[in-house]
Amino acid sequence: MPGSIPVLETRNIRKAFGGVVAVSNVDLAVRPGEIYAVIGPNGAGKTTMLNLISGLLSLDRGEIRFRGERLNGKRPCDRAALGMARTFQNLQIFGNMTVLENVMVGRHLKSRCGMLTAALRLRRAWQEEQAIEEAALRHLELLGLAERRDDPAGSLPFGQQRLLEIARALATEPNILLLDEPAAGLNQTETARLGDLIFTIRDRGITVVLVEHHMDLVMRVSDTVLVLNYGEVLAQGSPAAIQSDSSVVDAYLGADLDDA
Ligand SMILES: Nc1ncnc2c1ncn2[C@@H]1O[C@H](COP(=O)(O)OP(=O)(O)OP(=O)(O)O)[C@@H](O)[C@H]1O
Ligand SMILES: [Mg+2]
């Protein structure tokens, strides 16, 4: 069951790009063990929010806390070391590297945050490498990709490349996993399997923040849904409450229902 003290919190966060305010006054509180979805129209600020949380962008204002620590000023690798992992809306796969190497890269990014620590660790490097490979393999197995371990990642079908990115994030053994449109480009069967996988990840004790446009998936897996519109919070609540919220239907879900 999700606990009541948030694992991830944002307070009054804001980010503008020139005249475009991408995220404005967003407060969210994600409880440990929950699946927390962020939805909203194109350009609503969802990816910007994940970039602020993971440290790829800096805040103009406000505060982000993760596992009790204030994240402001921390680098992405520091946040990874604290237990944060993510995937990207536009896949970030190294096509010429093998499937296994792609997962190992994630582990390296986490364990080699500073160059100095890397140098001090030189003597242990080989053992560490073995451990990284084992962890990577375990996660390839979980995602059903172990048989493709030595193939170039670019040779995988698109849906499997998305899973590979999730394997890479999971191999860092995060407390929280931020997924930016993991179902984009997946067919219906793949999307349903992704839903099962998200439950499996949650059952392993990992909190999930899911940015997604596939409403079937969002409504099936989420405990809480946050709706962003023009960078601001339009609504927040259970999937059932969100689906019957007239402001959300007007701004976003209405179009989705019409498409269905
Ligand atoms: N690096 C940037 N420079 C300038 N403007 C940006 C930048 N990144 C995002 N924006 C703008 O900020 C707003 C929010 O963009 P963002 O990518 O966060 O939306 P999104 O909710 O993820 O949309 P989508 O569903 O299409 O992925 C948009 O108006 C976008 O054009
Ligand atoms: Mg986006």
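The values are calculated or read from the model by the stated rules, or taken from the named source; none is laboratory data. Note that this is a predicted model, so its numbers are computed, not measured. All Cβ positions, glycine included, derive from the backbone under ideal geometry; neighbour counts span all protein chains shown.
Here are some notes:
- Residue match in segment 145-156 (condition: at pLDDT below 95 and in a loop (DSSP other than H, G, I, E, B)): no
- Output for segment 205-239, where each listed residue is more than 16 Å from ligand 1 (Cβ to nearest atom) and more than 24 Å from THR10 (Cα to Cα): ASP216, ARG220
- Candidate set: segment 9-39, residues that are over 15 Å from ARG61 (Cβ atoms) and without any contact (Cβ under 8 Å) to a residue 40 or more places away in the chain; chosen: the one surrounded by the most Cβ atoms within 10 Å (Cβ to Cβ): ALA29
- Residue in segment 54-63 that is within 13 Å of ligand 2 (Cβ to nearest atom) and closer than 18 Å to GLN236 by Cα present: no
- Failed criterion for PRO6 (all others in (1) crowded, with 17+ Cβ neighbours inside 10 Å; (2) within 21 Å of PRO182 (Cβ to Cβ) hold): (2)
- Yes/no for GLY45 being within 16 Å of ligand 1 (Cβ to nearest atom) and at positive phi: yes
- Taken as a whole, the structure places LEU194 among residues that are touching a Lys or Arg at 6+ places or on another chain (Cβ under 9 Å), buried (at least 22 other Cβ atoms within 10 Å of the Cβ) and over 25 Å from ILE13 (Cα atoms).
- Flag if GLY154 is loosely packed, with under 15 Cβ neighbours inside 10 Å and at negative phi: yes
- Check on ALA184, crowded, with 23+ Cβ neighbours inside 10 Å, on the phi < 0 side of the Ramachandran plot and either in a loop (DSSP other than H, G, I, E, B) or touching a His at 6+ places or on another chain (Cβ under 7 Å) (or both): no
- Listed here are the strands (runs of 3 or more DSSP E) enclosed by segment 1-115 that have at least 1 residues being under 21 Å from LEU164 (Cα atoms) and among the basic types (Lys, Arg): 84-86.
- Scanning segment 157-215 for residues being within 21 Å of ALA81 (Cβ to Cβ) and more than 16 Å from ligand 2 (Cβ to nearest atom) gives a total of 18.
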